[in-house]
1. Please find, within segment 27-63, the residue that is farthest from S165 (Cα to Cα) out of those that are among the small types (G, A, S) and not in a helix (DSSP H, G or I).
2. Right, M240: at pLDDT 95 or above, surrounded by 16 or more Cβ atoms within 10 Å (Cβ to Cβ) and on the phi > 0 side of the Ramachandran plot or not?
3. Among the helices (runs of 4 or more DSSP H) confined wholly to segment 249-337, which include 3 or more residues that are farther than 25 Å from T148 by Cα and modelled with pLDDT of 95 or more?
4. When only residues in segment 180-207 that are over 13 Å from the mean Cα position of the chain (by Cα) and among the hydrophobic types (A, V, I, L, M, F, W, C) count, which is surrounded by the fewest Cβ atoms within 10 Å (Cβ to Cβ)?
5. Restricting attention to segment 132-150, and to residues there that are out of contact with any Lys or Arg (no Cβ under 8 Å at 6 or more places or on another chain) and among the charged types (D, E, K, R), which single residue is farthest from F324 (Cα to Cα)?
6. Checking A76 against (1) buried (at least 24 other Cβ atoms within 10 Å of the Cβ); (2) among the hydrophobic types (A, V, I, L, M, F, W, C); (3) assigned to a loop (DSSP other than H, G, I, E, B), only one condition comes out false. Which one?
7. Looking at R177, R235, can you tell me which residue is outside the structural domain of S115 (by TED's automatic domain parsing) and more than 12 Å from the chain's Cα centre (by Cα)?
8. Please tell me if L56 is of a type in the set (A, V, I, L, M, F, W, C) and surrounded by 19 or more Cβ atoms within 10 Å (Cβ to Cβ).
Amino acid sequence: MVILNWNGLAFLKRFLGEVVRTTTIPGSSVWVVDNGSDDGSADWITTSFPTVRTLLFTENYGYAGGYAKALDQIEARYFVLINSDIEVTEGWLEPLYKLMETDPKIAACQPKILSLDERNRFEHAGAAGGFIDKFGYPFCRGRILHVTEADNGQYDKPSRIMWASGACFVIRSDAYRQAGGLDSSFFAHMEEIDLCWRLSHYGFECWSVPSSVVYHIGGGTLGYKSPAKTYLNFRNNLFMLYKNLPAKGFRKKLIIRKLLDGVAALMFLIQGKPGHFTSVLRAHRDYYRASGNLKNERKRIASDVGQKTLPCNIMLNKSILFLFYFRGVRKYGELSF
């Protein structure tokens with residue numbers, strides 16, 4: 001169990017105790033990785049939970065960098081990555097562990113993630129498992145774009161998914177390392193989608209396990225309306241697409257995605273959100289600046305296993321934006337893959 005913390009003392013005080021209490025699988029341990037906090041988090045953990053193991057970094061490496069550095073130093077069969085702003089429930093870990101034990105092809109899985117504030121609704125960051133459309137836009141069982149569904153048990157069947165939420169998921173350490181781990185250049189946002197996409201290149205699967213339930217606050221570090229979040233989402237989505245798209249249709253899909261980003265930037269400007277408009281421009285600027293590294297990473301993946309087309313049941317070969325804005329699709333159950 002590995003919790004990444006950055007100035008999250010309030011979350012740790014509220015949620016860490018239950019995480020420790022419910023981590024009962026034999027041989028498991030709880031780690032807190034501190035990303036250069038200055039709120040006294042590390043001292044509080046040492047005093048309040050002496051059994052919790054800590055890794056202390058002197059600066060904030062973000063989600064991707066912090067976990068990447070930490071997991072390089074931790075030996076375990078499975079890594080459980082969980083946000084500090086997650087409330088766990090009784091017995092939540094066992095169904096995830098049991099599924100991982102059933103099939104070595106399953107590299108990662110996630111619980112059902114509900115909103116802590118609206119406990120009968122899915123939470124934005126993962127819901128009941130993630131997917132992407134043909135242009136790289138993510139959506140979930142239980143969340144299409146910004147619209148989340150009420151949880152009425154409609155997604156309670158375990159299912160293969162495209163990506164497991166970084167808010168809370170289990171991953172095999174050997175599969176994690178084989179796929180190259182989290183990409184530190186992402187800093188935060190969409191790094192888990194990139195990782196799960198790479199896992200699929202190696203023949204692994206990701207699953208949703210709805211019998212395991214957790215509650216997530218969401219936006220604990222960067223709020224959903226933050227221009228910084230907009231920047232990271234737009235930049236990292238381009239990073240992810242460049243690295244992982246198969247050769248067929250590669251350039252066409254990238255061009256269309258860039259044009260769609262341009263439309264989004266104009267909409268931000270029309271809506272009076274100049275910070276978000278600028279964030280999209282910066283995201284594209286920094287994507288081009290990173291093109292050399294992205295080309296090398298794409299070549300590495302291709303030489304290792306090749307970029308493969310995602311199975312049709314985990315990649316929507318349509319535009320989720322078109323379906324949402326022009327066809328009125330608001331629920332995952334209304335989609336046909």
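The values are calculated or read from the model by the stated rules, or taken from the named source; none is laboratory data. If you're wondering where the values come from, they're calculated on a predicted model, not measured in any experiment. Counting neighbours? That spans all protein chains shown, and the Cβs are built from the backbone with ideal geometry, glycine included.
1. G40
2. no
3. Where helices (runs of 4 or more DSSP H) fall fully within segment 249-337 and carry at least 3 residues being farther than 25 Å from T148 by Cα and modelled with pLDDT of 95 or more, they are 250-270, 274-289, 291-304.
4. The qualifying residue surrounded by the fewest Cβ atoms within 10 Å (Cβ to Cβ) is F204.
5. Taking the candidates together, the pick is R141.
6. Every listed condition holds for A76 apart from (1).
7. R235
8. no
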